[in-house]
Amino acid sequence: MIFNKILNKFFQSFDEEVKGSMIKLVEATKVVYAGVQAKLKPTPNKSHYTFNLRDISKIFQGVCSAHQKTITNKTQLLQLWFHENLRVFADRMISEEDKEVLKELIFTQTEKEFSTTKDAVLDRERIVFGDYLMGNESDNRPYQIFDDLNVFVKKIEEYLEDYNAGSKHAMKLVMFLDACDHVSRICRVLRQPLGNALLLGVGGSGRQSLTKLATFISKFDLYQIEVIKGYSMRDWRENAKTCLMQAGCEGK
């Protein structure tokens, strides 16, 4: 009932086909969530598979990033919904098998609730949404799908060039599709209220560099703690205070 109210309010000015899908969308999300909880339980090597109702709210928070000029029909809405499910659930999964279980749950619901096939939703190599297609100078930043992945990669490369042009420490990165996808994921986290992420990977896999780039794209300031010899708990508290004051009081 709560999510129905939120979605109906947000989508009231959208096209009828989109607006009329809200009850089914909430129902489908409930079923996918229940399926994930039942089929992907925490085990010793997947101890972080602790999904809860907060995950449903994160999916709808992402869906409510929709823009009425870019989401005009049911299929586009389902692509956004699919993308948000992947970001909330699949990005925490450690194997392709687990991700396939999630996708199976999603596509069962798209066929059952919306009579839309898997091929209609997955009409491209991969589905990527972002709000940076218009460039960093534009205040108009609609959250939209990238129709052409080559344009997507080129856009991220342009941002990297802009970053390097204004930075003392230029990053010499090769922006292939997976790396761009990671940047997009971090941007999605940063654009959401209370957005936060823990990036896991082996040393040198690009977590720091891609975060710097995503922060630049999102027009945020980056605060990084330098752990040097003799670094103590007192230093840590001072660093934490500085960071919290910048984020909380100055809104940066």
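Candidates are the residues of segment 57-81 that are in contact (Cβ under 8 Å) with a residue 40 or more places away in the chain, hydrophobic (A, V, I, L, M, F, W, C) and buried (at least 18 other Cβ atoms within 10 Å of the Cβ); the one that is nearest to ASP181 (Cα to Cα) is LEU80. Residue count for segment 197-252 satisfying the condition of being among the hydrophobic types (A, V, I, L, M, F, W, C), over 21 Å from the mean Cα position of the chain (by Cα) and part of a helix (DSSP H, G or I): 7.
Scanning segment 123-150 for residues that are in contact with a strand residue (DSSP E or B) (Cβ under 6 Å, 6 or more places away or on another chain) and farther than 19 Å from THR72 by Cα yields nothing. Here the condition is being touching a helix residue (DSSP H, G or I) at 6+ places or on another chain (Cβ under 8 Å) and closer than 28 Å to ASP147 by Cα; of ILE6, ILE106, it holds for ILE106 alone. Among the residues that make up segment 151-158, is at least one of them among the acidic types (Asp, Glu), open to solvent by less than 60 Å² (accessible area, probe 1.4 Å) and closer than 30 Å to THR72 by Cβ? No, every residue in segment 151-158 fails to be among the acidic types (Asp, Glu), open to solvent by less than 60 Å² (accessible area, probe 1.4 Å) and closer than 30 Å to THR72 by Cβ.
Per the listing GLU226, GLU161, the residue uniquely farther than 27 Å from GLY62 by Cα, modelled with pLDDT of 95 or more and either β-branched (Val, Ile, Thr) or open to solvent by 90 Å² or more (accessible area, probe 1.4 Å) (or both) is GLU161. Cβ-Cβ contacts under 6 Å between residues 6 or more apart (or on different chains), taken from a first residue in segment 185-203 that is over 21 Å from PRO142 (Cα atoms) to a second residue that is part of a helix (DSSP H, G or I) and of a type outside the set (Phe, Trp, Tyr), are listed as ALA197/VAL189; LEU199/ARG207; GLY201/ARG207.
So that you can scan it fast, the table gives a plain yes or no per residue for (1) in a loop (DSSP other than H, G, I, E, B); (2) modelled with pLDDT of 95 or more; (3) within 17 Å of ARG188 (Cα to Cα); (4) among the hydroxyl-bearing types (Ser, Thr, Tyr):
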{"site": "SER13", "(1), (2), (3), (4)": "yes, no, no, yes"}
{"site": "LYS30", "(1), (2), (3), (4)": "no, yes, no, no"}
{"site": "TYR33", "(1), (2), (3), (4)": "no, yes, no, yes"}
{"site": "ASN45", "(1), (2), (3), (4)": "no, no, no, no"}
{"site": "THR50", "(1), (2), (3), (4)": "yes, no, no, yes"}
{"site": "ILE71", "(1), (2), (3), (4)": "yes, no, no, no"}
{"site": "TRP81", "(1), (2), (3), (4)": "no, yes, yes, no"}
{"site": "LYS99", "(1), (2), (3), (4)": "no, yes, no, no"}
{"site": "LEU102", "(1), (2), (3), (4)": "no, yes, no, no"}
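The values are calculated or read from the model by the stated rules, or taken from the named source; none is laboratory data. Since the model is a prediction, treat every value here as computed from it, not as a measurement. Neighbour counts run over all protein chains shown; Cβ positions are idealised from the backbone, glycine included. For the accessible areas, the whole protein counts, side chains as well, though only heavy atoms, and no ligand, DNA or RNA atoms are used. Shrake-Rupley method; radii C 1.70, N 1.55, O 1.52, S 1.80 Å.
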